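Here is the structure we will look at, set down as structure tokens.
What follows is calculated from the coordinates using simple rules that are stated; it is not laboratory data. Just so you know, these numbers come straight off a predicted model, no measurement behind them. Note that we place each Cβ from the backbone using ideal geometry, even for glycine, and neighbour counts take in every protein chain shown.
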Amino acid sequence: MKQQLNIKLSLLLSLLVVAGTWISCDKDDDDDNGSNSTKTELINFGPTGAQHGDTIRFFGNNMDKVTEIDFTGGAKVMQNEFKKQTKTEIHLVVPDLAQEGLVTIKSPTGDVVSKTRFNLDVLPVITTITKESRPGDNVTIKGKFLDWVSGVTFARDKPATTIVSKKIDELVVKVPMDAQTGRLILFYGGTKSSQMETDTVKVTLPAVTSMTPNPVFHDANLTIAGTNLDLVTKITFNSVSTAVTSFVSQSATQIVVKVPGGTRKGKITLTSPSGVTVQSTQDLDVVLPVVTGLTPNPVLHQTDLTITGTNLDLANKITFAGTTTAVTSFVSQSATQIVVKVPAGAIKGKLILGVTSGGTNESTMELDVVLPVITSIAPNPIAPGDNLTITGTNLNIATGVAFTGVGSPITSFVSQSPTQIVVTVPTGVLKGKVKLNVQNSTVQAESADPLGIIGGLPDLADFPFAIYTDALQNTFQDWSYTATHNFNSSAYVRQGSKSIMAVYADNGYQGLTFHAGTPAPVGSYTKLEFSVFGEAGTNGKKLNVVCNGNYGSPPQVTIAEGEWTTFQVNISSLKTPTPATIDEIVLQSAGWTGTIHIDHVGLRN
């Protein structure tokens, strides 16, 4: 009889294994054997992967004695709730509270705990979620099977480090201080662990409702009223690069903060712990000195200028256009007026008023400075020793006439009036602009056109192939890498009306570069010619003449200070073998700094 029972039970289990997956368990008591035992024994149960509400089956011996089956999570199924109970099996519905874990079978013969863990295929259900919450407060999620959730992340993969409570129908998580608005991701377990997404949860941000006082002084306390201001970690003021992170006081409805120097009118920006920023809707205005009038205007150098306006007592310095050093000593100062002496280097432009806190404010109007203006020079060209007539305005404040190539300005004139200066042209003069020194000033006025010299340097012959003659020629382009350069200069001119001014800096190897858009064919040309004028400090300095990238061993020329030198360099020496075309010419400083002028560049036979 025992053998028939075992055969029937084996056949039944074989059929059930085909129908689903089952969890096998060793017998609870290995000392008892088969039907001779009176104790309840669990052989297996399943199927695994069942869901809450599904029917599962427990198989074993003496199962008719079972009074209760307990699941992990506190779920209990009493005997009267079994769907079926026989000596060898029990059928029951998986209760909603059942969680992954061991199963305990209770009977008068003793408890039987499964040797393997029971698991379920679970899909949590969300019915409601808190729509908005502050950082540090809670988000409550309601639904079903939420006790299976193992983790929660906020937007941008920010994990919730604190799960306040977890029940089958409710999950409460604390909002991280640096959380941002977005959907939450819930991670849950079971036989098919996965994740699900919630509706958007809005993370509360601070908001500004008012700022007092407005306008405000630099370094004074500003009171910001609003909501959720206790969330603010820093405040950025307009035109100030470094945010303020230390406040005088802070609460949910108010922040008191010192306004940093340099703040300009504009909106303030509040930053929350998440890094998300919000801007004030209104501008914060700042009390700064404001200029409303300048008298006299135009004004002479080294004379008194009267500045009228408001809050001028805040100004501690004034910077004039054309100068780098601010004026910090005033003739007089009040809230509505400053009297200041105009510095020698001032030119036409706006004034910049600085304040002690580091802020500045620029005048809306320009200050004009009285300077001589040259309208014509005649005769032009002229021979050294002849009288030059300079015509213009304000010429009575000129103290000297500077000629190109002559070391010191001429300070003794044949005649002088507000509209005309007659001066004798000195020997040694070179072609270039005429400049006027100005009384009490470091600024010079200059002629629009260069002054040509009769009997001066002889004209150079036209080039059969020009690279630069008053402008770049034959597709050559400016690819220079000097500190500064000007291909349209008229300060020092060898021939024509324009030349190239180049400032070499950094004691390095900078280059004035002529780059050909279309390579220039060498053909029968044998020489590269160019003229160089060296300014002060360049005497004896050398230029590398680099052709087509030959930086390794280029030929050199030596600069003469204060005069024009015309150089001819054999094309055959520029590169070996002699180049068939010229793609690029670089006049490179050989490790020095200074200013030179280059003119009349081209190829000759």
Length added when fully stretched, K542-S241, from 0.36 nm per residue minus Cα-Cα
103.9 nm
Rounded to the nearest 500 deg cm²/dmol, what is the calculated helix-only ellipticity per residue at 222 nm for the chain, with -39500 (n - 2.57) per DSSP H run of length n ≥ 4?
-1000 deg cm²/dmol
Inter-probe distance in nm under a simple model that places probes 7 Å from Cα toward Cβ, at T128 and I454:
10.6 nm
From the phi angles alone, apply the Karplus equation (6.51, -1.76, 1.60; θ = phi - 60°) to the range 254-261 and give each ³J(HN,Hα) in whole Hz, x where the residue is Gly or Pro.
7, 10, 10, 9, 7, 6, x, x
State log₁₀ I(q)/I(0) for the range 207-279 at q = 0.11, 0.23, 0.25 Å⁻¹ as given by the Debye formula over alpha-carbon point scatterers of equal weight, solvent excluded.
-0.22, -1.05, -1.27
Using only alpha carbon positions, build the gyration tensor of the chain, then give the equivalent ellipsoid semi-axes as the square roots of 5 times its eigenvalues, largest first, whole angstrom.
95, 40, 15
Could you tell me which of rounded, prolate or oblate describes the range 265-323, using a ≥ b ≥ c as the square roots of the eigenvalues of the alpha-carbon gyration tensor, with rounded for a/c under 1.5 and, failing that, prolate when a/b is larger than b/c and oblate otherwise?
prolate
Picking from S272, P260, N238, whose Cα lies most toward the positive end of the charge dipole for the range 135-286 (charges on Cβ: Lys, Arg +1; Asp, Glu -1)?
S272
For the range 69-173, would you read off the P(r) tail past 21 Å as a percentage of all alpha carbon pairs?
48 percent
Ranked from fewest to most other Cβ atoms within 10 Å of their own Cβ, T324, T303, T513 fall in the order T324, T303, T513
Between I163 and S553, what length in nm is gained on full extension when 0.36 nm per residue of separation is reduced by their alpha carbon distance?
133.0 nm
Give, as a single signed number, the net charge of other residues whose beta carbon lies under 11 Å from the beta carbon of I69, with Lys and Arg counted +1 and Asp and Glu -1.
-2
Per-residue Cβ contact counts at 10 Å, fewest first, order F320, F82 as F82, F320
Rounded to 0.05, the calculated FRET efficiency for the beta carbons of E81 and Q195 at R₀ = 35 Å is 0.60
Between V248 and S417, what is 0.36 nm times their sequence separation minus the Cα-Cα distance? Round to one decimal in nm.
54.3 nm
Quick one: net charge around A155, please, counting Lys, Arg +1 and Asp, Glu -1 for every other residue with C-beta under 14 Å from its C-beta.
-1
Between 0 and 90°, nearest 10: helix 2-19 axis offset from the chain longest Cα axis
30 degrees
Largest-first ellipsoid semi-axes for the range 304-387, taking √(5λ) over the Cα gyration tensor eigenvalues, angstrom
37, 12, 11
